Ligand code: F6P
């Protein structure tokens, strides 16, 4: 079987400085977690950015490089200016809000297009240097939309797959982007392009038709003498691995400690990102406490918000907003012996996250827009006790699959508050029936199914041919 070369902006580990020391820590986010096993099994390198190595002395640098190479990771080093322009400005201040349908978050100055192109070119050089004939190359996410075409220029015969982990917006919104043609042409360098849901795929096809005027069909696009396949591949989680962690050492004790005060536990775990709907979730919780005084002292919300992209302006304002709401709820409802909300503005290790999943009566996953949301699936994977209620936003990719969740419109504050109350009061047999349905899907369509299905389709896609003449 051919090797798989994985390519993503961020490697599954990030190099961090802690004073004089240097640490190599697991990266945050669904992509890094989800692709870890496919990388272990794929046999090839993973090409990506290891974080900022500037300022390390030569000996520290050599140690980090050796560690990365042991892990089969091929680093693409970025200068601080490239991080600013390609990652923060173009990828996260412009592409991220447009793809999540938040044009209001796009800054007036939309910089970084030239660096985005240049860094995608550097990724193409790095992949071309490490790939061997016959390898399958699998590129991930919006930071690398130009890479498939740039790589095709260097390796015309390569088999290239591309997967988008975030939503694809409607063509009306996509057309906001000044580089719209180049971005689509970039993606069309791949042989197979995958999306989490059918609606993202349809939006992509309409953009290709409207912006490039290319011939499109349900599952294919003709482009410059090649046939590009498109498909829906909803990403899953490593369900067996999560279930294993759920029964690891000390886990029962950890779960008991979380439940010790006897109150019903509501849990939210997100990257601190404005797409995740944390402020609206807090407003719904505040309304619930206001309208149902009998719940005070009997429930508590543990909200974990992992800091993310802290250099991007929109994220800084958003953090202040969340801090303000948490303070307001606390100030209004806390008593000397009870806190309505425990807010943790930092990352937790995997065992702590799994303990929260296990201890939760209600898991709140209420983004206002989310490509998939793997937290929802992780929660289900952990609940082999068959209990717990998932409250899930309609605007996540996961909602298309997880019909047994209590689905909510996160913009509807009263509706979300009512859904939380319903989840808290749900009879045990209904909780178990719903969880059984959810678990069937999450354990069957796991991350291995996802990677296997995508890679099989990629290997079957028509062989890439060199462009000939006119299209
Ligand atoms: O899933 C979207 C995504 O941007 C991934 O590409 C990334 O791994 C994750 O979110 C975390 O984002 P960042 O790498 O910007 O910290």
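The values are calculated or read from the model by the stated rules, or taken from the named source; none is laboratory data. Every value quoted in this text rests on a predicted model; they were computed, and no experiment measured them. As a convention, Cβ positions derive from the backbone with ideal geometry for all residues, glycine included, and neighbour counts pool all protein chains shown.
For the stretch 151-255, which fully contained strands (runs of 3 or more DSSP E) count at least 3 residues that are surrounded by fewer than 20 Cβ atoms within 10 Å (Cβ to Cβ) and touching a residue at least 24 places away in the same chain (Cβ under 8 Å)?
Strands (runs of 3 or more DSSP E) meeting the threshold: 226-232.
As an exercise: evaluate residue 128 against (1) away from the ligand (no atom under 16 Å from the Cβ); (2) surrounded by 23 or more Cβ atoms within 10 Å (Cβ to Cβ); (3) part of a helix (DSSP H, G or I) and give the number of the one condition it does not meet.
Every condition holds for residue 128 apart from (2).
Can you spot a residue in the stretch 294-302 that is at positive phi, touching a strand residue (DSSP E or B) at 6+ places or on another chain (Cβ under 6 Å) and surrounded by fewer than 21 Cβ atoms within 10 Å (Cβ to Cβ)?
Yes, some residue in the stretch 294-302 is at positive phi, touching a strand residue (DSSP E or B) at 6+ places or on another chain (Cβ under 6 Å) and surrounded by fewer than 21 Cβ atoms within 10 Å (Cβ to Cβ).
When you check residue 84 against the structure, is it away from the ligand (no atom under 12 Å from the Cβ), more than 23 Å from residue 158 (Cα to Cα) and modelled with pLDDT of 90 or more, yes or no?
Here the answer is yes, as residue 84 does meet what is asked.
If residue 294 satisfies every condition in (1) more than 16 Å from the ligand (Cβ to nearest atom); (2) under 26 Å from residue 257 (Cα atoms); (3) in a helix (DSSP H, G or I); (4) in contact with a helix residue (DSSP H, G or I) (Cβ under 8 Å, 6 or more places away or on another chain) but one, which is the exception?
Against the list (1) more than 16 Å from the ligand (Cβ to nearest atom); (2) under 26 Å from residue 257 (Cα atoms); (3) in a helix (DSSP H, G or I); (4) in contact with a helix residue (DSSP H, G or I) (Cβ under 8 Å, 6 or more places away or on another chain), residue 294 comes up short only on (4).
Taking interchain pairs and intrachain pairs at least six residues apart, which have beta carbon atoms under 6 angstrom, with the first residue in the stretch 81-93 and farther than 16 Å from residue 308 by Cβ and touching a residue at least 40 places away in the same chain (Cβ under 8 Å) and the second part of a helix (DSSP H, G or I) and more than 12 Å from the ligand (Cβ to nearest atom)?
86/115; 86/116; 86/119
Of these, 289, 356, 282, which one is assigned to a helix (DSSP H, G or I), on the phi < 0 side of the Ramachandran plot and surrounded by fewer than 22 Cβ atoms within 10 Å (Cβ to Cβ)?
289
Can you name the strands (runs of 3 or more DSSP E) wholly within the stretch 6-69 that have at least 3 residues being within 16 Å of the ligand (Cβ to nearest atom), within 22 Å of residue 142 (Cβ to Cβ) and modelled with pLDDT of 85 or more?
43-49
Tell me yes or no: at least one residue of the stretch 101-124 is within 16 Å of the ligand (Cβ to nearest atom) and within 16 Å of residue 3 (Cα to Cα).
Checked against the condition, which is being within 16 Å of the ligand (Cβ to nearest atom) and within 16 Å of residue 3 (Cα to Cα), the stretch 101-124 yields no hits at all.
Pairs under 6 Å by beta carbon, first residue touching a residue at least 60 places away in the same chain (Cβ under 8 Å) in the stretch 433-460, partner surrounded by 22 or more Cβ atoms within 10 Å (Cβ to Cβ) and part of a helix (DSSP H, G or I), six or more apart or different chains?
That search, which allows pairs on different chains as well, returns 442/239; 442/377; 442/380; 442/381; 443/239; 446/239; 447/34.
If we scan the stretch 132-139, do we find a residue that is more than 16 Å from the ligand (Cβ to nearest atom), more than 25 Å from residue 88 (Cα to Cα) and crowded, with 24+ Cβ neighbours inside 10 Å?
Yes: the stretch 132-139 contains one or more residues that are more than 16 Å from the ligand (Cβ to nearest atom), more than 25 Å from residue 88 (Cα to Cα) and crowded, with 24+ Cβ neighbours inside 10 Å.
Got at least one residue in the stretch 363-374 being surrounded by fewer than 24 Cβ atoms within 10 Å (Cβ to Cβ) and more than 17 Å from the chain's Cα centre (by Cα)?
no
May I ask you to verify whether residue 399 is out of contact with any helix residue (DSSP H, G or I) (no Cβ under 6 Å at 6 or more places or on another chain), in a helix (DSSP H, G or I), under 26 Å from residue 233 (Cβ atoms) and without any contact (Cβ under 8 Å) to a residue 40 or more places away in the chain?
The answer is yes for residue 399.
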